[in-house]
Structures are given as C-alpha cells and as structure tokens.
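Right, one structure below, let's go through it.
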Amino acid sequence: MVALHTRNGYFPGVPASVIYNPYDPPTTPVPPPTGRAGTVLGYLGRLAPSKGVDLMIDAFALIIRRHAGSRLLIAGSGASDYVEGLKLRAKGLQVEFVGQMSPDDFFPLVDVTVVPSVWNEPLGRVVIESFAFARPVVATPVGGIPELVRGAAGTMARSTSVNDLASAMDVQIGQDASTARAAAAEEAKRFTSRVLVDTYDRVYRGIHASMVRLDSSGLMD
C-alpha cells in the first residue's frame, strides 16, 4: 500500500514506514478441532461482494469431491438478500453459516482460514487474527494481503478467479497440518503489541535524529 501511494505521487520526499495493526495471540494455545475426517475451512468477516464470499463457495464446490468430509464454516453477517443468495449458492454443499462470531469462538472450530477478498484490502486483519490462533491461511493476492501470508503459514492464490482459489485451497489442504500451524504461530509474532510499540519507537527515534541533524546544519532556520 505504501508502494501504491508512492507510485501515485503522494507525499513526495517524505520517509515512509510500515507499522502493522497489532493482535496478540491467546495466552493458551488453541488446539485444532477433533473428531472429524476432513479439513474444516473457515471464513470470518463481513458477508459482502467485495469480500469474495461467493467466489469462495464456488471454489469450495470444485474441491469437495477430492476432500471428502471437508466442511466450510462461514461466520459473519451482511445484507439479507446477498446472504440468502450465498445460501442458495451453497445448497447441497458441506457449508454452514454460523452467524457472527468472535475470533475466540471461531478459530477453535477451523483448521484453515480462507480470505477470498476481491478488492484491495489495505491490510486484511483476519489474516493476523488467524495466525494468532495458529491457523494457516488461504488468500487472494489483493492489497496488502500478499505481504502477510508467507512460507508454510498459508497459500496465496494466483488470482481472484474461482479456479485459482480452488487450487490454493487444494494445495493448503494437502500440506502437513502441524507444520502449517507451527508456521502460522511463528508468523503471529510479527504482529504483537510489543512489536508495534518497538516499531513506533524506532520510527520516532529515527525522525528525531533526522530533525536534530537538520537543526544542527541550519536547514531548519
């Protein structure tokens, strides 16, 4: 997002820093769900066209035959006509609409979080929340999301097409679950409150040092 602003000529000559919103992991590790044969995929967020929920349902429909027992939980709310359309789209699939849920209640129910946005999400906070609960992520390459999903912590779709998102889901389900959870938990360390404070402190100290140098050179007179 910094690069996008820079390319469009905003704030020329002004130093830029990236400071992520913080989200601290729960104090007690959250184990994956048990007592089921397949992978539980989950979506947490607003139910709106820009969030790509319809895209996700269509992608899930493409992979379900290869992953018997897998389910998709959709948590959130939206315009009633849109939500009803989503439910019709998901008819006959192992898809459950569970309404609004908190991260604390939602993530213990799922193995993998799907973030299928089709607009340029500046950050994609749910990615960070998912990592905090040691849940890997499948996501679309829009906005700031690609810089959040790295390595074994998730799988990035090649585009926002149904086929590419389905392929990314397929790949992630095929990964070793314990390795993916461990990688997600490790990524969560990048987004803690402690990291936020340290980053702000470093940025402010850098700005202060620059102002001192300018003042001593007489350029601030």
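One table, with the values for the structure above:
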item: Rounded to whole Hz, the Karplus (6.51, -1.76, 1.60) HN-Hα couplings of region 57-62, x for glycine and proline; result: 4, 5, 5, 4, 4, 6
item: Residue-averaged [θ]222 nm for the chain, counting only DSSP H segments that reach four residues, each worth -39500 (n - 2.57); result: -12000 deg cm²/dmol
item: Inter-part distance where region 128-178 and region 1-63 are each reduced to a Cα centre, Å; result: 9
item: Surface share of carbon and sulfur [accessible, 1.4 angstrom probe, percent] for the chain; result: 55
item: Surface accessible to a 1.4 Å probe, per residue, for the residues of the chain, Å²; result: 54
item: Reference-scaled alpha-carbon Rg (2.2 N^0.38 Å with N residues) for region 1-141; result: 1.19
item: Placed amide H near Tyr43: partners under 5 Å, 5+ positions off or other chain; result: Leu73, Ile74, Ala75, Val114
item: Under-5 Å amide H pairs with Thr155, H placed in peptide plane, nonlocal only; result: Val137, Val138, Ala139
item: Convex hull per residue volume in Å³, alpha carbons only, for region 118-173; result: 68
item: Kirkwood Rh (inverse of mean 1/r, distinct Cα pairs), region 141-221, angstrom; result: 16.1
item: Dipole-positive endmost among Ala48, Pro136, Thr27 within the chain (Cβ charges, Cα centre); result: Pro136
item: Near-label residues of region 99-137 by backbone N, under 20 Å of a point 7 Å along Cα→Cβ of Lys189; result: 127-137
item: Loop-located trypsin sites (Lys or Arg not before Pro) in region 134-221 whose Cβ has at most 15 other Cβ within 10 Å (DSSP); result: Arg150, Arg158
item: Per-bin percent of Cα-Cα distances, region 33-91 [10 Å]; result: 21, 52, 24, 3
item: Calculated from backbone phi, Karplus (6.51, -1.76, 1.60) coupling profile of region 164-178 in Hz, x at Gly/Pro; result: 5, 5, 4, 4, 5, 4, 4, 4, 5, 4, x, 6, 5, 5, 5
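The values are calculated or read from the model by the stated rules, or taken from the named source; none is laboratory data. Since the structure is predicted, the reported quantities are computational estimates derived from the model, not experimental observations. No Cβ is skipped: glycine too gets one built from the backbone with ideal geometry, and neighbour counts run over all protein chains shown. Quick note on the areas: whole protein, heavy atoms, side chains included, nothing else; ligands and nucleic acids left out. Shrake-Rupley method; radii C 1.70, N 1.55, O 1.52, S 1.80 Å.
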